[in-house]
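The values are calculated or read from the model by the stated rules, or taken from the named source; none is laboratory data. Here the structure is a predicted model, which means the values were calculated and not measured. Cβ sites come from the backbone with ideal geometry, for glycine too, and all protein chains shown count toward neighbours.
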There are 2 protein chains.
Amino acid sequence: MSQMNGAESLVRTLVAGGVNVCFTNPGTSEMHFVAALDKVDGMRCVLGLFEGVVTGAADGYYRMLETPASTLLHLGPGLANGLANLHNAKKAGSGIVNIVGEHAVYHIGYDAPLTSDIEGVARPMSHWVKTSPTSKTIAGDGALAIQAARTAPGQIATLILPADTAWNPADGIAKTPAAPPRVKVSAEAVKAAAQAITKGEPAMLLLGGRALRRRALELAGRIHAKTGAKVQGSGFNARIERGAGIVQVTRVPYVVELALNTLKDVKQMILVGAKAPVSFFAYPDKPSILTPEGCTITKLAGTEDDIEAALEALAAEVGALSTPPVGVAEPNRPALPSGRFTLDGIGQVLGALMPENAIVIDESVTSGRGFHPFTVGAPPHDWLSNMGGSIGFGTPVAVGCAIACPDRKVIALEGDGSAMYTLQSLWTMAREQLDITILVFANRSYNILKGELANVGAGNPGRKAIDMLTLDRPDLDWCALAKGHGVEAGRATNLDELTKQLKHGLSSQGPYLIELVM
Amino acid sequence: MSQMNGAESLVRTLVAGGVNVCFTNPGTSEMHFVAALDKVDGMRCVLGLFEGVVTGAADGYYRMLETPASTLLHLGPGLANGLANLHNAKKAGSGIVNIVGEHAVYHIGYDAPLTSDIEGVARPMSHWVKTSPTSKTIAGDGALAIQAARTAPGQIATLILPADTAWNPADGIAKTPAAPPRVKVSAEAVKAAAQAITKGEPAMLLLGGRALRRRALELAGRIHAKTGAKVQGSGFNARIERGAGIVQVTRVPYVVELALNTLKDVKQMILVGAKAPVSFFAYPDKPSILTPEGCTITKLAGTEDDIEAALEALAAEVGALSTPPVGVAEPNRPALPSGRFTLDGIGQVLGALMPENAIVIDESVTSGRGFHPFTVGAPPHDWLSNMGGSIGFGTPVAVGCAIACPDRKVIALEGDGSAMYTLQSLWTMAREQLDITILVFANRSYNILKGELANVGAGNPGRKAIDMLTLDRPDLDWCALAKGHGVEAGRATNLDELTKQLKHGLSSQGPYLIELVM
């Protein structure tokens, strides 16, 4: 048997370290890695036709399985194309191992066309960056990258693989060191939180990260029942477990005035895997900080801590461990509505038809803000939102969720503006026959920006401004776009047609796209 | 009249500085800038639905007009999505003024979802980066950005615009300082080049940048006639003027063996706006440097120098100023071929039908390498190639060329793999009714990689490797993709159908896409 090369030692290290999927968009400098993927068993390879698909898919994969996938990207520009969804993944606390090809080390100095500062490109969106200088170091560096990606809550690790590091002889694979376990929060932190919520002042537990899983929510519901402290979710969350039988939470609204109103009476805020709430953007004469003046903020646990244990300790501290939780959602599906489109009506159709164990990826932007009340009584499901605010996250994350959970139905809610950034995802859905139903809310505009233009006080928009906020002239034809990527599609112009289309999509195997002509 | 704000002072500074086009993909933090664009006359705004369209369009615009356009990008992730085509533009020596929105300065510390290290994202692909801290500084910083973008051969200037810098009151506009003029090369450099090519050893002028314009080519042809020094173009070039009546050049081939063979006898190489030739990628057991051992390399002029004057001085030095040039292309169009697709046949159809003053954007990758001989006798035209090697440059650059030169026909030659990275360009072509004919070579694969996998010695590919290099299962339907973006399209499965389709496309107004089913 011939000696393995660096690429093979890396692939075998990844597989041994539990990294079993590679979302790829390779180029010449990655050909030895491709050959190694081909040779080694245990790594599923999923091709994306644009790098934003690849990195977003790795984000979705991690959100569902909490184990990192790898990506394969082509030098600096390939990584650059994947950065926006790495940004989103980083903000979501998703662990990813990026493998980025690079010229052979001796070739870099010649400044060939694809030469760039790859580490510089990687750094803003990565927790861990390293160029592995030789074929003898790459297995060890790969193991460190896996460890970094597995570090709670999940980190972006970018390993740069020069071509000669890939093709020269290696010594074998490396064992991945264990990632540090999630930290138990201190008894003092638990006591401080307990004191804050039992002071007799209006209190709120603000939940994020793993605090939004079923068991943690149940603990929060018990604490709520015992102490009266409200339970609220962050504005955007990597994954909420919700539906009938699960303690429900509402989220801090996106619109600043609504958020201020939600939080206005809170005197004691306890952060549980959440950050102190701030506005998404700054606006003239509006505050950045959303908690009222005089509100005391106490951190119980960060996203990287053992959040469930922290809530359990807090429940014990306040004597709520056996208090029946309040806020458990009853099984309750809306009746199927009829007639012309309303946003509430669309939420009702969704709530009426969503199957058990659905994974909902919500990039519906302005259209979907009100869907939660209509879906909270549906059978248990997961709801995933964009944590980094860079649109184009939805369909790639749906790809990753479907690869992670092949037995669950994935539903992607997409604005037409946001879906356009990474529409190449559709092709990967078709090739892999992923069980994803995509709803595109075709309002022919960056609708959110019309509101924002008014919000910033920019006055009455003229033709040039309107043209920059609308996606009309020509209208995008989403059924044609889907067909072009090999995905079956249908159009709905009212709630009855949506019901019919959604039933069809949910009962089909493989991807199906529904264009909602709003 | 109310005082202008920072955004307005910047837009007025841009317009006064000769920046008259803004390729935009805005978000909330850019709403004041959008409002200012709306208010101020003299700036054409062109919306792209993905940032790679926006930055690539600015690249194409500069290549044709040699004056920078601006872009409008949404914070770090928006810039990140535009980086790959900024990389290509940087390598092409195109000047661009990027305006990147940022949170209000006081808001950055709150780490809202879209917060990232924007300067860090910008730096690897920019020559000039600045965050303008206040509404009083932004006009002056805008003027410096324009100056930087105008610095020869053209530079990437990235100006980061915090929201409060945009909305707070400004003092007025700033005057753009002149960019330094292109440097005349020294008499010593001219003498050294003249000595090298008159030594009696096999010599070659390697041309790049502005050396590939008509007048410079004529001078090179005169020098060739007088001294016997061969004239050769770089492998990839931002813009070649070519066609009947213009001195023709062949280019250094992409394939290493062919390049080595082209250069094997050269003893004296003179660089004229070109870099010393190196291989695009490194391969095991193949050289990076393409010139033979013992070849002396002499630099006459860099891309930033006054190249035409340098060639004129060299021609004078060797007494060639009135020598009739050799290599002038005769008017000569191929006969229209018939029958099944061959790459030569496609080149013949193109050569037979290309209109005078066509602008050809060549991202045909493997399909188009042999088109030059068939088109060199066509009426004068420009031929633009990818300088940075990041695919997805072609259709965005076509957008920019069509905006820059509305009276010229633009022809984009696209591999199906490469066209997918930035297919959203099609929508901008439709909205702006740009006169672009797109030929998509639908070979259903990253065909170049199949060769590269063999080149790197990676052996006989298996199913997993082949799947990563093919775009089939399902086939992309380019006519549907075009229709989805509002662009008319047709399909050709042989040379006769291509002739019909191309005639139709070239005689239409507005965009037309032809899918060549290879």
> In the stretch B:36-63, which residues are over 22 Å from A:V456 (Cα atoms), within 8 Å of chain A (Cβ to nearest Cβ) and either of a type outside the set (A, V, I, L, M, F, W, C) or in a helix (DSSP H, G or I) (or both)?
Replying inline: B:G52
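Just wondering, is there one or more residues in the stretch A:430-447 that are touching a His at 6+ places or on another chain (Cβ under 7 Å), at pLDDT 95 or above, under 25 Å from B:L423 (Cβ atoms) and within 12 Å of chain B (Cβ to nearest Cβ)?
Residues of the stretch A:430-447 touching a His at 6+ places or on another chain (Cβ under 7 Å): A:430.
The next check asks that each one be at pLDDT 95 or above; those that pass are A:430.
Going one step further and asking which of them are under 25 Å from B:L423 (Cβ atoms), we end up with A:430.
Remaining after also requiring within 12 Å of chain B (Cβ to nearest Cβ): A:430.
So far as the stretch A:430-447 goes, yes, one or more of its residues are touching a His at 6+ places or on another chain (Cβ under 7 Å), at pLDDT 95 or above, under 25 Å from B:L423 (Cβ atoms) and within 12 Å of chain B (Cβ to nearest Cβ).
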> In the stretch B:486-503, what residues are surrounded by fewer than 19 Cβ atoms within 10 Å (Cβ to Cβ) and either farther than 14 Å from B:A352 by Cα or at pLDDT below 95 (or both)?
Replying inline: B:E488, B:G490, B:R491, B:T493, B:N494, B:E497
> Just a yes or no: is a residue in the stretch A:27-45 surrounded by 24 or more Cβ atoms within 10 Å (Cβ to Cβ) and within 23 Å of the chain's Cα centre (by Cα)?
Replying inline: no
>> Among the residues of the stretch B:399-424, what is the count of those that are away from chain A (no Cβ under 14 Å) and under 19 Å from B:L476 (Cβ atoms)?
In response: 2
>> Being in contact with a Phe, Trp or Tyr (Cβ under 7 Å, 6 or more places away or on another chain), over 21 Å from A:R222 (Cβ atoms) and assigned to a loop (DSSP other than H, G, I, E, B) is true for just one of A:P355, A:P334. Which residue is that?
In response: A:P334
>> I need the full set of residues from the stretch A:266-313 which are over 28 Å from the mean Cα position of the chain (by Cα), of a type in the set (A, V, I, L, M, F, W, C) and closer than 15 Å to A:Q195 by Cβ, in order please.
In response: A:A313
>> Among the residues of the stretch A:446-463, are any closer than 26 Å to A:F23 by Cβ and of a type in the set (G, A, S)?
In response: no
> For the stretch B:365-385, which residues satisfy the criterion of being surrounded by fewer than 23 Cβ atoms within 10 Å (Cβ to Cβ), of a type outside the set (V, I, T) and modelled with pLDDT under 95?
Replying inline: B:G368, B:R369, B:G370
>> Looking for something more than 8 Å from every other protein chain (Cβ to nearest Cβ), out of contact with any Ser or Thr (no Cβ under 9 Å at 6 or more places or on another chain) and either of a type in the set (V, I, T) or assigned to a helix (DSSP H, G or I) (or both) - is there at least one such residue anywhere in the stretch B:68-86?
In response: no
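Of the residues A:G120, A:G142, which is surrounded by 24 or more Cβ atoms within 10 Å (Cβ to Cβ) and not basic (K, R)?
Values: A:G120 fails: surrounded by 24 or more Cβ atoms within 10 Å (Cβ to Cβ).
A:G142 is the lone residue from the list that is surrounded by 24 or more Cβ atoms within 10 Å (Cβ to Cβ) and not basic (K, R).
Looking at this structure, is A:T470 in contact (Cβ under 8 Å) with a residue 40 or more places away in the chain and polar (S, T, N, Q)? Spell out the reasoning first.
On the way: in contact (Cβ under 8 Å) with a residue 40 or more places away in the chain: no; polar (S, T, N, Q): yes.
No.
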> Out of (1) within 14 Å of chain B (Cβ to nearest Cβ); (2) in contact with a helix residue (DSSP H, G or I) (Cβ under 6 Å, 6 or more places away or on another chain), the odd one out for A:E119 is which?
Replying inline: (2)
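Could you tell me whether the stretch A:165-180 includes any residue that is among the basic types (K, R), in contact with a strand residue (DSSP E or B) (Cβ under 8 Å, 6 or more places away or on another chain), at pLDDT 95 or above and surrounded by fewer than 24 Cβ atoms within 10 Å (Cβ to Cβ)?
Kept after step one, since they are among the basic types (K, R), are these residues of the stretch A:165-180: A:175.
Within this subset, residues satisfying the condition of being in contact with a strand residue (DSSP E or B) (Cβ under 8 Å, 6 or more places away or on another chain) are none.
There is no residue in the stretch A:165-180 that is among the basic types (K, R), in contact with a strand residue (DSSP E or B) (Cβ under 8 Å, 6 or more places away or on another chain), at pLDDT 95 or above and surrounded by fewer than 24 Cβ atoms within 10 Å (Cβ to Cβ).
Tally the residues that are away from chain A (no Cβ under 12 Å) and more than 30 Å from B:A313 (Cα to Cα), restricting the search to the stretch B:261-290. If you could, list the steps in order and put the result at the bottom.
Pass one, the stretch B:261-290, residues away from chain A (no Cβ under 12 Å): B:261-274.
Still in the running and more than 30 Å from B:A313 (Cα to Cα): B:261.
Number satisfying all stated conditions: 1.
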> Taking B:A139, is it in contact (Cβ under 8 Å) with a residue 60 or more places away in the chain, outside any strand (DSSP E or B), out of contact with any strand residue (DSSP E or B) (no Cβ under 6 Å at 6 or more places or on another chain) and at negative phi?
Replying inline: yes
> Is at least one residue of the stretch B:137-152 within 14 Å of another protein chain (Cβ to nearest Cβ) and of a type in the set (V, I, T)?
Replying inline: no
> Looking at the stretch B:178-204, which of its residues are closer than 16 Å to B:D306 by Cα and aliphatic (A, V, I, L, M)?
Replying inline: B:A179, B:V183, B:V185, B:A187, B:A189, B:V190, B:A193
>> Which condition from (1) among the charged types (D, E, K, R); (2) surrounded by 14 or more Cβ atoms within 10 Å (Cβ to Cβ); (3) closer than 22 Å to A:T366 by Cβ is the one that A:E257 breaks?
In response: (2)
> Which one is surrounded by the fewest Cβ atoms within 10 Å (Cβ to Cβ), of the residues in the stretch A:448-475 that are assigned to a helix (DSSP H, G or I) and facing another protein chain (nearest Cβ under 7 Å)?
Replying inline: A:D467
> What number of residues within the stretch B:232-262 are more than 13 Å from B:G273 (Cα to Cα) and assigned to a strand (DSSP E or B)?
Replying inline: 5
>> Every residue in the stretch A:279-289 that is surrounded by fewer than 22 Cβ atoms within 10 Å (Cβ to Cβ) and among the aliphatic types (A, V, I, L, M), please.
In response: A:I289
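To keep it simple, each residue is scored yes or no on (1) within 8 Å of another protein chain (Cβ to nearest Cβ); (2) not hydrophobic (A, V, I, L, M, F, W, C).
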| position | (1), (2) |
| --- | --- |
| A:G484 | yes, yes |
| A:L495 | no, no |
| A:S507 | no, yes |
| A:Y512 | no, yes |
>> Return the residues of the stretch B:193-217 that are assigned to a helix (DSSP H, G or I) and in contact with a Ser or Thr (Cβ under 6 Å, 6 or more places away or on another chain); say none if nothing qualifies.
In response: B:A193, B:A196, B:I197, B:G209
>> Would you confirm, using the coordinates I've provided, whether B:A358 is surrounded by 22 or more Cβ atoms within 10 Å (Cβ to Cβ), farther than 29 Å from B:P181 by Cα and without any contact (Cβ under 8 Å) to a residue 60 or more places away in the chain?
In response: yes
> Can you find a residue in the stretch B:235-242 that is in contact with a His (Cβ under 7 Å, 6 or more places away or on another chain), surrounded by 24 or more Cβ atoms within 10 Å (Cβ to Cβ) and touching a residue at least 60 places away in the same chain (Cβ under 8 Å)?
Replying inline: yes
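Within 23 Å of B:S507 (Cα to Cα) and not in a loop (DSSP other than H, G, I, E, B), is that true of B:I297? Lay out the reasoning, then the answer.
Numbers: within 23 Å of B:S507 (Cα to Cα): no; not in a loop (DSSP other than H, G, I, E, B): yes.
Here the answer is no, as B:I297 does not meet what is asked.
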> If A:L516 satisfies every condition in (1) at pLDDT below 95; (2) within 30 Å of B:P511 (Cβ to Cβ); (3) within 26 Å of the chain's Cα centre (by Cα); (4) not aromatic (F, W, Y) but one, which is the exception?
Replying inline: (1)
